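Q: Take a look at the following structure, please.
The values are calculated or read from the model by the stated rules, or taken from the named source; none is laboratory data. Everything numeric in this text was worked out from a predicted model, so none of it was measured. Positions of Cβ are backbone-derived with ideal geometry, glycine not excepted, and every protein chain shown enters the neighbour counts. Remember, those area values only see protein heavy atoms, side chains included, never the ligands or the DNA or RNA. Shrake-Rupley method; radii C 1.70, N 1.55, O 1.52, S 1.80 Å.
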Amino acid sequence: MINGADPFDFASLTVAHDEANAFDAVVPPIVQTSLFTFGSYDEMVAAYRGEIVRPIYTRGLNPTVRAFEEMLAKLEGGEDALGFASGMAAISSTVLSFVEPGDRIVAVRHCYPDAYRLFGTHLKRMKVDVTYVDGRDEEAVAKALPGARLLYLESPTSWVMEAHDVGALAALARRHGVVSVIDNSWASPIFQRPLSLGVDLVLHSASKYLGGHSDVVAGVVTGSKELIGRIRSEAYPYLGGKLSPFDAWLLVRGLRTLPIRMKAHEAAALEIAKRLQALDIVETVCHPALANRLPPGLTGTSGLFSFVFREGVDVKTFADRLQLFKLGVSWGGHESLIVPGEVVLQQKAQPNSAHAFGIHARSVRLHIGLEGTEALWRDLEAAMAAATEN
Ligand SMILES: *Cc1c(COP(=O)(O)O)cnc(C)c1O
């Protein structure tokens, strides 16, 4: 039944009865331990031989982490999942499990900046090349795929929210024998289930919507038993970016409200994006639902989008004047946030390039939280009034 789970069906978010949960606690316990002991020599041998599956050491398997992995696999329709200490740990361990020196990756342009930097530093040193393509241009993707090892997708993309026909891109990868992976942090499984569209692996920064409360940094990857097994046996144990039991427990808590949170983020963000688009002082709003029809497979939109002010608007005054929107990176929590593009363009991290991320100097990225549309709009209006006063 795992593959058929409906992401809006809260029953898919309940934790199954577990013999080890002595009190049948509705919230599963945090198994905060580094190691697990054995009753006998024979039991230990059986575990080492893989004849019985049971926790040995928390870097390998931990029951609280497993509860989160199973919930997430169910939501995405995966056979298995693997939790990580961060989204970047999920990205690096996944990519490193599939490439060797001399290999090539095809990646969509404007992907998450630190993924871009991973490709431009460690992978470059490993002699792995990356070809960047516009994910909306399927011809360009098809041309780049022959001979590639991995197709790295992110849709919508991180700042300009370019949305792709994920199913079409996955089909192209399959035709060329290329493993496809997508960063699905923005849409979450509530609005996009890439495995059902033919993508091989789906990963998340669980620090964003999956956690949803801005109190955990974590990552996860899900897909077939075979592909997850490869990551589990290669990069995961030796790079060691494991998810902690307490963070997994916070994620289990976060997932329970994911469907209603996503609907609330969607409604408020769409309303605010439309109101911004109607203003003279706004040049463009980068929100997938405003740009075009949503591509097939993307069934809703989340709370993160960006827009570009026309010349003459004082973005610094705008940012400083906001009260509900806080200046801050990340997104996906209950709180509304703003990141001015001009600030990101000054970041010291290397490699860095405005072109690579599509960030316009007069742009602003907003995360629309759960404070309520009208209160957030009043905040934006007051800040825009201050930013256009001469
Ligand atoms: C934040 C983010 C990441 C990285 O996740 P961390 O948990 O911060 O390591 C990856 N992809 C996207 C789209 C993100 O927004």
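Q: Taking the highest mean first, how do the peptides 136-146, 264-274 order by number of other beta carbon atoms within 10 angstrom per residue?
A: With the highest mean Cβ count within 10 Å placed first, the list reads 264-274, 136-146.
Q: At a threshold of 8 angstrom on Cα-Cα distance, excluding pairs fewer than six apart, so keeping six or more, what relative contact order does the range 94-200 reach in percent?
A: Result for the range 94-200 is 27 percent.
Q: Still on this structure, I have one more. Report in % the part of the accessible area of the chain that belongs to carbon and sulfur, leaving out ligands and nucleic acids; probe 1.4 Å.
A: Carbon-and-sulfur percentage of accessible area, whole number: 54.
Q: Any idea how many Lys pairs in the chain come in under 17 angstrom at the alpha carbon, given 8 or more places apart or on separate chains?
A: 5
Q: Additional query: Please report Rg over Rh for the range 258-387, where both radii come from the alpha carbon positions and Rh follows the Kirkwood definition.
A: That ratio is 0.95, to two decimals.
Q: Restricting to the chain, compute how many DSSP beta bridges are antiparallel as a %, nearest 5.
A: 60 percent
Q: Rank H204, H213 by accessible area, highest first, at a 1.4 Å probe radius?
A: Result, largest first: H213, H204.
Q: Which shape class, rounded, prolate or oblate, goes with the range 170-290 when its Cα gyration tensor gives a ≥ b ≥ c as root eigenvalues, a/c under 1.5 marks rounded, and past that a/b bigger than b/c marks prolate?
A: Oblate.
Q: Right, another one. Express in Å², to the nearest 10, the accessible area of Y112 obtained by rolling a 1.4 Å probe over the protein heavy atoms while all chains stay in place.
A: 80 Å²
Q: Specify the residue with the greatest mean-square fluctuation among S233, S207, S244, computed from a Gaussian network of the chain linking alpha-carbon atoms under 10 Å apart.
A: S233
Q: Bin width 20 Å, alpha-carbon pairs only: give the P(r) of the chain as whole percents, running from 0 to the bin holding the largest distance.
A: 28, 56, 16, 1
Q: A follow-up question, please. Taking the solvent-accessible surface of protein heavy atoms with a 1.4 Å probe, what is the per residue accessible area of the chain in Å²?
A: 45 Å²
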